[in-house]
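Working notes, structure below.
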Amino acid sequence: MSEFRPETRAVHPPQPAVEGSRPISVPIYQTSGFVFEDPAVMAASMGRPDGAYVYGRYTNPTVRSLELAVSGLEGGAGAVATGSGMGAINTVLLGLLKPGDHIVAQRSLYGGTAAMLNELTGRFGITVTYVPENDPGALRAAVRPETRLVHLETISNPMTLVADLPGMCAVARELGVLSVVDNTFATAMLCRPIEHGADIVVHSTTKYLSGHTDVVGGLAVFADAALYEKVWHFSVELGASADPFAAWLTLRGLQTLGLRMERHCSNAHHLAVRLAEHPAVTAVHWPGLASHPSYELAGKLLPGFGGVFAFDLAGGRAAGEKFMSSVRLALLAPSLGGVETLILHPASTSHRSLGPEELARSGIGEGTVRIAAGIEHPDDLWSDISQALP
């Protein structure tokens, strides 16, 4: 299937082998383990990610189908599916780092990732240096002999800053440092970080890949087969494995990813342009607007600008709370990437673990509201949002 475009390949995920024919859709293998007749085959299979299926914590035919599908979309050599997006991030971090190591991360980060980096610093003495997402020179200056990896987000959460993946990954590779890119907001439909030099790509499959607000899951894709096998072994011991039913739901959602991303992006554009013109809004943070600092880079790197954006209300937290309690169609809820439009207040929810300095460093204000545009009719969304504005 590698000769086809991502939109086509997402519709046709790899299938577990069966005799004589195969089902159209990937079956759910809802079993904890598998029976063997040959003890030697069972023993050999427990030590390799591509061996016979043994136990659900190692992998499962439905889960492996998801791993192969997303690895193929991203251009990877292998993937590890996990029980959540943070499970994927932590599997990578804990599987590759040791006490005393150093990380370079971009300043604008998802709150859960930032909280975990703080945890690594406090618990294991792993130090972190923060740099702009678009400054390869700052990255070069920050790398030390003990630096092990660089953590980036294709499109940051929630300020939608776009990372200079070609420049940042090139510096990391030149200096012998692994680059990890969270591609959740873009998906392989908008960006494939491995093509820009990334070593590892992580996803919260909870979001766009599953796409229907009914799954919690994560996935890490590896450009190098040896690195994939190393982290796979650690993931088995960590026990952050994905559930077969969640993997099946994600595979089902994956098939419409191309269509959904088009609508998410177009709806975000529709709303962002109108909000930017509203007198109650002081700023709109979406890379498809010429006023956004990532506008030029996003135009070179991405065929679409994503379905998530943030905006700042002039009245601060009080205005944000009033807005969120006044919408009727958009839903006040965590997460994103489903067919419904969701809103939240980052400072008190997704980034609540950050202190005032960290929030300021990320560009998040008391009046910042994040919108994850769904696939509803754009005029209905604007009618709802406009009536809720001060």
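Values quoted throughout were computed directly from the atomic coordinates according to the rules given, and no laboratory measurement underlies them. Bear in mind the structure is a predicted one, so any value in this text is a computation, not a measurement. Cβ sites come from the backbone with ideal geometry, for glycine too, and all protein chains shown count toward neighbours.
In sequence order, the stretch 109-123 has phi-based couplings of 10, 4, x, x, 5, 4, 5, 5, 5, 5, 5, 4, 5, x, 8 Hz under the Karplus curve 6.51 cos²θ - 1.76 cosθ + 1.60, θ = phi - 60°, and Gly or Pro positions carry x. The stretch between V273 and E174, if pulled fully straight at 0.36 nm per residue, gains 31.7 nm over its current Cα-Cα span.
Extension gain, A43-E357: 0.36 nm per intervening residue step, less the Cα-Cα distance, totals 107.8 nm. Against the longest alpha carbon principal axis of the chain, how many degrees, from 0 to 90 and to the nearest 10, is the axis of helix 244-254 turned? Roughly 50 degrees, rounded to the nearest 10.
Distant-in-sequence amide contacts of V128, defined by a placed amide H-H separation under 5 Å and a gap of 5 or more residues or a different chain, comprise I103.
Using a Förster radius of 22 Å, what is the FRET efficiency between D50 and K230 based on their Cβ-Cβ separation? Nearest 0.05, please. Could the numbers behind the result be given before it?
Values: r = 14 Å, r/R0 = 0.65.
Taking R0 as 22 Å, the efficiency between D50 and K230 is 0.95.
Taking 0.36 nm per residue of sequence separation and removing the Cα-Cα distance, the A17/W382 pair yields an extension gain of 126.6 nm.
Neighbour counts of other Cβ atoms within 10 Å put S32, S241, S210 in the fewest-to-most order S32, S241, S210.
At a 10 Å Cβ-Cβ cut-off, how would you order V216, V221, fewest neighbours first?
Details: V216 18, V221 31.
Lowest count first: V216, V221.
Among the trypsin sites (Lys or Arg not before Pro) within the stretch 244-297, not one is in coil by DSSP while having at most 16 neighbouring Cβ atoms inside 10 Å.
Computed about the Cα centre, the dipole magnitude for the stretch 6-254 is approximately 200 debye when only Lys and Arg (+1) and Asp and Glu (-1) carry charge, each at its Cβ. Roughly how many whole Å is it from the C-alpha centroid of the stretch 1-67 to that of the stretch 94-173? Using only Cα atoms to place each centre, the spacing works out to 33 Å. For the stretch 1-85, the dipole from Cβ point charges (+1 on Lys and Arg, -1 on Asp and Glu) about the Cα centre works out to 160 debye, to the nearest 20. Using just its DSSP H runs of length 4 or more, each adding -39500 (n - 2.57), the chain gives a mean residue ellipticity at 222 nm of -12000 deg cm²/dmol after division by all residues.
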